[in-house]
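Read through the structure below, which is laid out as structure tokens, and then see the notes.
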Amino acid sequence: MHRFLFRCVAVLLLATGGAHAADKPMSASREEAVSATAQVRAIDHKTRQMLIRMEDGEEVELVAGPEIRNLGQVQVGDLLVFTYYEAVAAKMAEAGTDMQPSAAVVAERAPMGAKPGMVAASAMHTVVEFVSYDEATHIATFINPDGDPGSVVVKPEMRDFASTRAPGDMIDISITRAVAIGIE
């Protein structure tokens, strides 16, 4: 759980943006959805091995675990569609905000007899203490609710937000992620 929260905090610092100096942003948010498609090139239903070709032509071998029901429905030529969604919201935490992290995860798979598919989603909320941002290296450091330090290299589009934070600022973070995989 600690590593999960650490990674979520890193995503926040990479994902939020804002204005400079006197116009310090009090909140920031973003969302993104990415989809990819791969074609089933070969499948062995007995061993549960599949060969898929990604959109860029790369071929990848997969083994479907026992949790993948309805694998018998998949045939050569079928398309696997992967969709990933992420939303991040950050705001300056108010004094006295509970720093205890919380998280929830839900998942569902296709009903028996249907083409294989699944969807999973997670929601996480936490408050971290900002420590510093080094404009030369673009590294931001923070302290998570357990008192453990962390750091992350901030992407160019997020550097204004990081540079307007002050040591001791408390940042209230919410991150929602979802992934869906289906056969067409």
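The values are calculated or read from the model by the stated rules, or taken from the named source; none is laboratory data. Small disclaimer: the values here were computed from a predicted structure and weren't measured. All Cβ positions, even for glycine, are placed from backbone atoms using ideal geometry, and neighbour counts span all protein chains on display. Just so you know, the surface numbers come from the protein's heavy atoms only, side chains and all, with ligands and any DNA or RNA stripped out. Shrake-Rupley method; radii C 1.70, N 1.55, O 1.52, S 1.80 Å.
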Requested in this report: Would you mind getting me the FRET efficiency between Glu55 and Met118? Use the beta-carbon distance for r and R0 = 22 Å, nearest 0.05.
Outcome: 0.60
Query raised in the report: What angle do you read, to the nearest 10 degrees and between 0 and 90, between the alpha-carbon axis of helix 2-15 and the longest principal axis of the chain?
Result: 70
**Report entry** Simple label model, 7 Å out from Cα along Cβ direction - Asp134 to Tyr84, nm
**Finding:** 2.7
Report task. Take the Cβ-Cβ distance between Ala33 and Ala95 as r, set R0 to 35 Å, and report the resulting FRET efficiency rounded to the nearest 0.05. Result -> 0.50
Query raised in the report: Can you pull the percent of segment 93-184's accessible area that's carbon plus sulfur, 1.4 Å probe, other chains left in place?
Result: 58
Requested in this report: Only Lys, Arg, Asp and Glu count, each charged at its Cβ (+1, +1, -1, -1), so figure out the dipole size of the chain about its Cα centre, rounded to 20 debye.
Outcome: 520
Report summary line: Per-residue ellipticity at 222 nm attributable to helices in the chain (runs of n ≥ 4 DSSP H, -39500 (n - 2.57) apiece, nearest 500 deg cm²/dmol) works out to -3000 deg cm²/dmol
Requested in this report: Could you do me a favour and compute the accessible area per residue for the chain, 1.4 Å probe, result in Å²?
Outcome: 56
Query raised in the report: Given the chain, what count of lysine pairs have C-alpha atoms under 26 Å apart, with each pair 8 or more places apart or on different chains?
Result: 4
**Report entry** Phi to ³J(HN,Hα) by Karplus 6.51 cos²θ - 1.76 cosθ + 1.60 over segment 163-168, Hz, x for Gly, Pro
**Finding:** 6, 9, 7, 10, x, x
Query raised in the report: So which residue, out of Val127, Val154, Val60, gets the largest mean-square fluctuation from a GNM of the chain using Cα contacts under 10 Å as springs?
Result: Val60
Report summary line: So for segment 19-139, using the alpha carbon gyration tensor with a ≥ b ≥ c as root eigenvalues (a/c under 1.5 gives rounded; past that, a/b versus b/c decides prolate or oblate), I'd call it prolate
Report task. Add +1 for every Lys or Arg and -1 for every Asp or Glu among the other residues with Cβ under 13 Å from the Cβ of Pro167, and state the total. Result -> -2
Query raised in the report: What shape does segment 129-184 take by its C-alpha gyration tensor, where a ≥ b ≥ c are the square roots of the eigenvalues and a/c under 1.5 counts as rounded, a/b above b/c as prolate, and the rest as oblate?
Result: prolate
